[in-house]
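Undergrad: Got a structure for you, written out below as structure tokens; questions coming shortly.
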Amino acid sequence: MLSKNKVITIIFVTVIAGCSPGNLGQNFSPFNFLQSKSDILNNTLIVPGKSVGAVTAKTTRADLVKIFGESKLKDDVVLEDEGTISVPVTKVNLGGEKYFTVAWEEDTREKLLYVRDFGSAWKIPEGIGVGTSFQELQKTLGDFKLTGLGWGYGGFINLETTNLSKYQGLLSLKLAPDEKAIEENSQQHEAVLGDRELSSTNPNWQPLKIKVSQMTVHFS
């Protein structure tokens with residue numbers, strides 16, 4: 001007769017064997033099996049072109065409900081291209097600075113367009129996120145080019161010639177100055193205004209306390 005310990009061991013081995021890759025059913029998800037709900041909600045890593053936490057290019061609104069729960073979602077519509085295009089979005093609020101917004105191609109909210117409006121908790125592997133300072137960006141990117149301030153497409157970094165050129169087209173970083181710093185350094189602010197490309201080495205940026213104000217993530 002088998003002892004109680006041996007019976008438990010046999011049951012445990014049988015369960016593990018049944019969950020092996022060769023025996024997984026179509027409805028079994030290794031991701032969900034291995035990660036707890038807490039792990040999913042606390043995952044604030046952005047991999048441009050691939051994922052935003054648990055969100056991927058194939059995520060639908062129905063998937064957002066399964067991942068985060070309906071109570072954390074809010075549907076809305078935003079205007080893009082100076083108010084000429086309406087884009088359906090779903091705002092996801094996981095508490096604190098762990099929020100973000102998913103934009104959809106159509107009202108059905110089944111095909112993801114991009115993810116934007118991140119809280120400061122979200123970071124790419126290199127540590128950049130909303131709130132990252134100009135000085136920190138220079139350390140990570142090296143010297144870079146960005147558009148002048150004061151217009152609709154102002155403050156955007158060109159990643160193509162930086163240390164993060166692999167994210168070109170997948171990650172958009174917009175910078176903005178501190179409002180108080182603008183008041184105290186009006187001449188320097190005026191020197192970096194306009195529809196043109198400027199170098200990060202321009203000394204007029206430094207006193208304006210520039211930081212990342214917005215990130216947009218696209219999927220390949």
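Undergrad: Among residues belonging to segment 186-214 that are outside any strand (DSSP E or B), of a type outside the set (S, T, Y) and open to solvent by less than 30 Å² (accessible area, probe 1.4 Å), point out the one that is nearest to G127 (Cα to Cα).
TA: I210
Undergrad: For segment 40-68, what are the residues that are in a loop (DSSP other than H, G, I, E, B) and either touching a Pro at 6+ places or on another chain (Cβ under 7 Å) or among the hydroxyl-bearing types (S, T, Y) (or both)?
TA: Passing the criteria: T44, T59, T60.
Undergrad: Can you name the residue in segment 104-136 that is touching an Asp or Glu at 6+ places or on another chain (Cβ under 7 Å) and not charged (D, E, K, R) and is also nearest to T56 (Cα to Cα) among such residues?
TA: Taking the candidates together, the pick is L113.
Undergrad: Now for a separate question. Limited to segment 69-89, what total is found for residues that are outside any strand (DSSP E or B) and open to solvent by 60 Å² or more (accessible area, probe 1.4 Å)?
TA: 6
Undergrad: Also, quick follow-up: What pairs come up if the first residue lies in segment 90-103 and is open to solvent by less than 30 Å² (accessible area, probe 1.4 Å), the second is of a type in the set (F, W, Y), and their beta carbons are under 7 Å apart, counting only those six or more places apart or on different chains?
TA: V92/F68; V92/Y99; V92/F100; L94/F68; F100/F118; F100/W122; A103/Y114
Undergrad: Look at V217 and say whether it is within 26 Å of the chain's Cα centre (by Cα) and either open to solvent by less than 60 Å² (accessible area, probe 1.4 Å) or not acidic (D, E) (or both).
TA: Answer is yes for this residue.
Undergrad: Consider segment 141-172. How many of its residues are in a strand (DSSP E or B), touching a helix residue (DSSP H, G or I) at 6+ places or on another chain (Cβ under 8 Å) and touching a residue at least 40 places away in the same chain (Cβ under 8 Å)?
TA: Residues of segment 141-172 that are in a strand (DSSP E or B), as a first pass: 145-147, 149, 156-158, 171-172.
Keeping just the survivors that are touching a helix residue (DSSP H, G or I) at 6+ places or on another chain (Cβ under 8 Å) gives 149, 157.
With touching a residue at least 40 places away in the same chain (Cβ under 8 Å) added as a condition, the list becomes 149.
The qualifying residues number 1.
The values are calculated or read from the model by the stated rules, or taken from the named source; none is laboratory data. Remember, predicted model here, so these are calculated numbers, not experimental data. Cβ sites come from the backbone with ideal geometry, for glycine too, and all protein chains shown count toward neighbours. We work out accessible area using only protein heavy atoms, side chains counted, and drop any ligands, DNA or RNA first. Shrake-Rupley method; radii C 1.70, N 1.55, O 1.52, S 1.80 Å.
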